[in-house]
Every structure is written in structure tokens, then in C-alpha cells.
1. Would you work out which of 179, 13, 64 lies farthest towards the positive end of the dipole of the chain? Charges go on Cβ: Lys and Arg +1, Asp and Glu -1.
2. With unit charges on the beta carbon (Lys/Arg positive, Asp/Glu negative), name the residue among 143, 255, 103 whose Cα is farthest towards the positive pole of the charge dipole of the chain.
3. What is the log10 of I(q)/I(0) for the chain, computed with the Debye formula using one identical point scatterer on each Cα and no solvent, at q = 0.07, 0.10, 0.14, 0.15 Å⁻¹?
4. Please compute the length gained on full extension between residue 185 and residue 89, using 0.36 nm multiplied by the number of residues separating them and subtracting their Cα-Cα distance.
5. Compute the longest continuous run of the chain that contains no exposed GluC sites (Glu not before Pro); treat a site as exposed when its DSSP state is not H, G, I, E or B and it has at most 16 other Cβ atoms within 10 Å.
6. Count charges around residue 259 for me, please; just the other residues with Cβ under 9 Å from its Cβ, Lys/Arg as +1, Asp/Glu as -1.
7. Taking K and R as +1 and D and E as -1, what net charge do the other residues with C-beta under 9 Å from the C-beta of residue 52 add up to?
8. Which of the aspartates and glutamates could be linked to residue 221 by a straight reach, that is with a Cα gap under 12 Å, when you skip same-chain ones fewer than 8 residues away?
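What follows is calculated from the coordinates using simple rules that are stated; it is not laboratory data. All figures in this text were calculated on a predicted structure; none of them were measured in a lab. Virtual Cβ from ideal backbone geometry, glycine too; neighbours counted across all protein chains shown.
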Amino acid sequence: MTITMKYFVVDAFTDEPFRGNPAGVCIMDRYLDAETMQKIASENNLSETAFVLKQEDHYDLRWFTPAVEVDLCGHATLGTAYVIANFVDTDVTEMSFHTRSGILTVTRDGGLYTLNFPARMPLPLEVVPLMSQAVGCPVLEAHLARDMVLVVENEQQVRDLSVNMSLISKLADFSVIVTAPGDNIDFVSRFFGPNVGVPEDPVTGSAHATLVPFWGKRLGKDKMTAMQLSMRGGTIYCENCGDRVKLSGKAVLYLQGEISV
């Protein structure tokens, strides 16, 4: 049986095409098996493809990299909310998504979307020489939640990283975030996940579920602005809410069409 569904590509955490993080969004009218979703995500070859199915009072949402299903994804959730608000339910101002990380809500205020995610405060790790070797600059601190967090001295070091992907893959099962205080904003980061099929992710909402409580405690601030310093770049407006974080950003449509498999 041929499966046909609407498909969108949305650049998330930006209001300009070709910046932010492109997310694939598949609007399902019935459940697909995980193997088919994984094959579609691999074919799309974006850092994440979201699969969303509307229920009576919520949406079921799953995310896949080209290699694996993940338990949390910020930019593809933002992309999904953008598609729903602009092409599925244009009057909506709040959306509820049932996911592997529980119920996630997204509110819409004009062109700004705010994601409500669980916080993931990392725990300290011993710094070992492999960490500095993997990122090409001195690592001052290391911490671990789902992602490994490596703290370096300043924003310029984050921009100028010389990353060895082979060594990154040995450091952490999932991914490595390199972060530092920002020059003109609160903090900056880059995200590397070669073990999950994403060598460098342009803008990673789920990473900020860890970075927001980490930097919020360190800076003594609840509201912060963050930038991810990938080649495409992106801005995330952050709020530390204890056991939850709020991540806000804009999005822009790049592509719409159909998938037929």
C-alpha cells in the first residue's frame, strides 16, 4: 500500500531562510511503523525529521535523525508547531505534544513560538585529556546529562573549534556540547553528535534543556539569550523555570510537498 503524506521543511530558530536549523515535518493521517519512519528520516537526511499525528485534544510526535529515534528535539518541535499553526490549524495559539519525553507544550504569539521542555541539569565529570584533544582547545570543565557538556574559556574558542569527530564519538554515547560565556549575549554553544548521525547540528533546542539550567545557575539569571555558533547559526531566547525550561524562537518555511512511499 502506498503511503502519501504532506511534508514540509522549516528553518527553525531563525526568521531568515538558509539559517537556523532545517527540520523535516511529516503530517501523518495514521500511524507508521518505526522502521518506515526511520527510512524516511534517513532519506530526508536532515538532522531531525518529525512525524506528527493529530488526536482529539493533542498531537502525537516522534523525532528521528538519519540514524536513530531520539527522545527530545527542540528545532523539529518548533518546526512542527510552525507547520500546524500555518497549514493545519491556523487559529491555534497553544499546542500539546505527547512524546517520549512526556507532554510538551508550544505557545504561539504572532511569529514567536515558545517550547516548554523538561530541564536536564548536568552532573560534573572529571576532565580528561581526550576532551581537549577532541575539540582542539583547553577544556575547563566537563558535565553530563543526556549530552556531555564541555566548558571552554570564551566565545572565540567555541567559534574556532578544531573538532576531531572520531574522538568526539569516543567521548559520549549521544553527543557533545561545547559552551562558553558569550561576548554580547549570555552564552554560546556548538553541538556534535556523530554517534547519532548528526556530525554538527546547526541549532539544537534539546541541548538547551541542559544549557539553560546550567548557565542559569552560573549566571544567576532566569531569562537569557543564547546563540549556537554553527555555520548557519541561530538564536534561542531562554527561560529557566526550575524543573522546566522555556525556549523561544521564530521559524520560516523552506519547502512543502508530499512524500509517497
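1. 179
2. Towards the positive end, the residue furthest out is 143.
3. Per q value, in the given order, log10 I(q)/I(0) is -0.22, -0.46, -0.90, -1.03.
4. Between residue 185 and residue 89, full extension yields 31.1 nm more.
5. 154-261
6. -1
7. Values: positive: 54, 62; negative: 60.
Result for the neighbourhood of residue 52: +1.
8. 186, 239
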